[in-house]
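Engineer: The structure's right below; bear with me while I get my questions together.
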Amino acid sequence: MHTTTAAVEVTALHKRYGEKVAVQDVSFTVRQGEVFGILGPNGAGKTTTVEAIAGLRRGDAGRVRVHGIDPWTDRAALTKVLGIQLQEAQLPEKITVSEAFELWSALYDDPVPWPGLADNLGLGEHVDRRFGKLSGGQQQRLSIGLALVGNPRVAVLDELSTGLDPRARREVWQIVRDLRTRGVTVLLVTHAMDEAQELCDRIAIVQHGRIAALDTPDALIRATSSATVTTFRAEVAVDLQALRELATVSEVRSEVGRIVVQGTEDAAVQVIDELHRQGVRPRDLRVVEGNLDTAYLDLTATATATAAAAESTDDVEEIR
Amino acid sequence: MSSPTTAIIRNEARLFSREPVAVFWMLAFPSILLAGLGLIPSFREPDPNLGGQSVIELYVQVVVLLSMIFSGAQAMPEFLISYRQRKVLRRLRTTPLGPSRVILAQVVVHAAVVSLAALLCLLVGRVAFGTPLPEAPVGYALVYLLALASMMAVGAVISAVAPNATVANVLSMAVMFSFMFTAGVYLPVQAMPDALQTIVSFFPMGAAAEALNQAVLGEVPDLIHLGVMAAWTAALSLIAVRAFRWE
């Protein structure tokens, strides 16, 4: 069971770099022991937000507390409770895995025994290898290990699984689940939908420096126009326009012989009624839950279309 | 058990030992150069133009300075700039250690290696060519430490102002050759024409070369030399602290 004590509180955080507003009025509370996802396209303000939480940046306005500690004024206290894996941060070329773990262990009062951690991260056989000789995925896993070796109460993992192969990705996911079991609060910054959906208790979707939505993955999916995806085959022509006009339907398209209908939770029933009215008998009918992908695109589409269609094209590309 | 500070110093020492190029130039090369120069017979003869000292006697102090020039102008900035570029400093900001401690550790390691090289130079000169050890050892040590402090400050400034490794390299080369010149690597300061000698002694290595030699002869080093080194150290440290960026 989770307690309701706040591990991280962000209140009305603002940050701008010159003219560019990076974070605008962001507020959220992460409960102790929760896995909290921060999801959004590149440049949405995710990293700025966690950097403010980790004390690497000061906000222009607002307030951050991590277990009651102000990261902007008391970094010494913060570093004892918060461990962070930074995007792109590297180690000296010639330090070995075991030396890095030893060094990091010496920096904390109550480190976890690192050999177990290294094994869990699949680094057990590479402890004598130098950082520069590790693969990108191994470097990434070492970085995660160093964030956790100090036995932090809050772990911030920024782009946790970027550059990992599918198996390593699963292993890293298991580590996050283990942290959750041990009651460690995890802040997961990601732009991988499946990862967020798989691991997070709640997700904040950040878009253009603001929180566009904040809820459990299920609720986020349910709340969108694409909570369900209904697909079927038809042997006769179907009036797709009539399907599109149904109140519960958000999108209809034809895909390699199948008709795909996205809509709210009640869309499937309405679709079947409409097909019945058209005298069409659907074959191979399937109704599946929408995923976070569609929810995400749905939630960010309006803002993207109006605010910065051109600018965010790349981001949307990357997310797919 | 080890405290964070000793852990990081041990770590930096180990990483330094894995850089054979830095180890060679800082630790071995000055003594090798001294041994090479000592093979020239005329360098071993007392020279009336040099107040009765031999050229090789002067060169002992020059090669003592050479190691710290390699360290401050080249090796230490290389470490620190790569740490900044690889975001190691940024990574350390998120740990209880803090990034300033890694710089301290680098200074400690470099100072230790450079000092070891200096002892080696004094030893090689003494054993191979019978050059005198400092008659005023306390004065010698004081001058040495001031010179070392000024070179560490030079290293800090290069690390602070160079935005990347390429610029750092250019700066390092420029600093290294001018400091080698003022230290007397190409021509010992005491053998320079008077006007040049005066100019050179307003630079930290020139002042160090003069003051070290005075201590060898048992004289009290001129205050002006100590002042020059102290002023350079203070000014450079200030610049470094102002300009240094962790990221």
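Engineer: Of all residues in segment A:163-186, count the ones that are among the charged types (D, E, K, R), under 19 Å from A:Pro152 (Cβ atoms) and in a helix (DSSP H, G or I).
Structural biologist: Step one: list which residues in segment A:163-186 are among the charged types (D, E, K, R), which gives A:165, A:167, A:169-171, A:177-178, A:180, A:182.
Retained after the next criterion (residues that are under 19 Å from A:Pro152 (Cβ atoms)): A:177-178, A:180, A:182.
Restricting the remaining residues to those that are in a helix (DSSP H, G or I) gives A:177-178, A:180.
Number of matching residues: 3.
So that you can scan it fast, the table gives a plain yes or no per residue for (1) open to solvent by 40 Å² or more (accessible area, probe 1.4 Å); (2) more than 25 Å from B:Pro77 (Cα to Cα); (3) modelled with pLDDT under 95:
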| position | (1), (2), (3) |
| --- | --- |
| B:Gly139 | no, yes, no |
| B:Phe179 | no, no, no |
| B:Leu196 | yes, yes, no |
| B:Ile199 | yes, yes, no |
| B:Gln214 | no, yes, no |
| B:Ala230 | yes, no, no |
| B:Ala234 | yes, no, no |
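Engineer: What number of residues in segment A:166-223 are without any contact (Cβ under 8 Å) to a residue 60 or more places away in the chain and more than 22 Å from A:Gly137 (Cβ to Cβ)?
Structural biologist: Number of matching residues: 7.
Engineer: Can you tell me how many residues in segment A:1-20 are open to solvent by 50 Å² or more (accessible area, probe 1.4 Å) and either part of a strand (DSSP E or B) or of a type in the set (S, T, N, Q) (or both)? First the steps, then the outcome.
Structural biologist: First, pick out the residues of segment A:1-20 that are open to solvent by 50 Å² or more (accessible area, probe 1.4 Å): A:1-5, A:9, A:11, A:14, A:16-20.
Subset that is either part of a strand (DSSP E or B) or of a type in the set (S, T, N, Q) (or both): A:3-5, A:9, A:11, A:14, A:16-17, A:20.
Within segment A:1-20, residues that are open to solvent by 50 Å² or more (accessible area, probe 1.4 Å) and either part of a strand (DSSP E or B) or of a type in the set (S, T, N, Q) (or both) number 9.
Engineer: Same structure, new question: Given the conditions (1) within 19 Å of the chain's Cα centre (by Cα); (2) within 10 Å of chain B (Cβ to nearest Cβ); (3) of a type in the set (A, V, I, L, M, F, W, C), and given that A:Ala44 satisfies all but one, which numbered condition is not satisfied?
Structural biologist: For A:Ala44, the failing item is (2).
Engineer: What do you reckon, is B:Ser82 within 14 Å of another protein chain (Cβ to nearest Cβ), of a type in the set (Gly, Ala, Ser) and in contact (Cβ under 8 Å) with a residue 12 or more places away in the chain?
Structural biologist: On the way: within 14 Å of another protein chain (Cβ to nearest Cβ): yes; of a type in the set (Gly, Ala, Ser): yes; in contact (Cβ under 8 Å) with a residue 12 or more places away in the chain: yes.
Yes.
Engineer: Just give me the residues in segment B:1-55 being open to solvent by less than 30 Å² (accessible area, probe 1.4 Å), hydroxyl-bearing (Ser, Thr, Tyr) and closer than 22 Å to B:Ile69 by Cβ, in sequence order.
Structural biologist: If the condition is that a residue be open to solvent by less than 30 Å² (accessible area, probe 1.4 Å), hydroxyl-bearing (Ser, Thr, Tyr) and closer than 22 Å to B:Ile69 by Cβ, then B:Ser31 is the only one that fits.
Engineer: Using the structure shown, decide if A:Gln85 is more than 8 Å from chain B (Cβ to nearest Cβ) and of a type outside the set (A, V, I, L, M, F, W, C). Can you show your working first?
Structural biologist: Details: more than 8 Å from chain B (Cβ to nearest Cβ): yes; of a type outside the set (A, V, I, L, M, F, W, C): yes.
Yes.
Engineer: Picking from A:Gln85, A:Gln32, which residue would you name as being farther than 20 Å from A:Asp158 by Cβ and within 21 Å of the chain's Cα centre (by Cα)? Full working, then the answer.
Structural biologist: Numbers: A:Gln85 fails: farther than 20 Å from A:Asp158 by Cβ.
After applying the criteria, what remains is A:Gln32.
Engineer: Here's a follow-up. Going through segment B:105-137 one residue at a time, which ones are outside any loop (DSSP other than H, G, I, E, B), over 20 Å from B:Ile69 (Cβ atoms) and either within 14 Å of chain A (Cβ to nearest Cβ) or open to solvent by less than 30 Å² (accessible area, probe 1.4 Å) (or both)?
Structural biologist: Answer for segment B:105-137, where residues must be outside any loop (DSSP other than H, G, I, E, B), over 20 Å from B:Ile69 (Cβ atoms) and either within 14 Å of chain A (Cβ to nearest Cβ) or open to solvent by less than 30 Å² (accessible area, probe 1.4 Å) (or both): just B:Ala105.
Engineer: Here is a follow-up. Could you figure out which of (1) surrounded by fewer than 17 Cβ atoms within 10 Å (Cβ to Cβ); (2) within 12 Å of another protein chain (Cβ to nearest Cβ); (3) in contact with a Lys or Arg (Cβ under 9 Å, 6 or more places away or on another chain) isn't true of A:Gly55?
Structural biologist: The one condition A:Gly55 does not meet is (1).
Engineer: Take the conditions in a loop (DSSP other than H, G, I, E, B) and over 17 Å from the mean Cα position of the chain (by Cα) and apply them to B:Thr166. Does it pass? Before the answer, list the steps.
Structural biologist: Numbers: in a loop (DSSP other than H, G, I, E, B): no; over 17 Å from the mean Cα position of the chain (by Cα): yes.
Here the answer is no, as B:Thr166 does not meet what is asked.
Engineer: Moving on to the next point. Identify, by number, the condition in (1) open to solvent by 20 Å² or more (accessible area, probe 1.4 Å); (2) at pLDDT 85 or above; (3) farther than 22 Å from A:Ile203 by Cα that A:Thr306 doesn't meet.
Structural biologist: Here A:Thr306 meets the rest and fails (2).
Engineer: Go through segment A:60-74 and give me each residue that's under 14 Å from B:Thr95 (Cα atoms) and either crowded, with 19+ Cβ neighbours inside 10 Å or in contact (Cβ under 8 Å) with a residue 24 or more places away in the chain (or both).
Structural biologist: Start the filter on segment A:60-74 by keeping residues that are under 14 Å from B:Thr95 (Cα atoms), which leaves A:71, A:74.
Passing the criteria: only A:Pro71.
The values are calculated or read from the model by the stated rules, or taken from the named source; none is laboratory data. Keep in mind that what you see is a predicted model, and the values were worked out from it rather than measured. Note that each Cβ is placed from the backbone with ideal geometry, even for glycine, and that neighbours are counted across all protein chains shown. Ligands, DNA and RNA are excluded from the accessible area calculation, which covers all protein heavy atoms including side chains. Shrake-Rupley method; radii C 1.70, N 1.55, O 1.52, S 1.80 Å.
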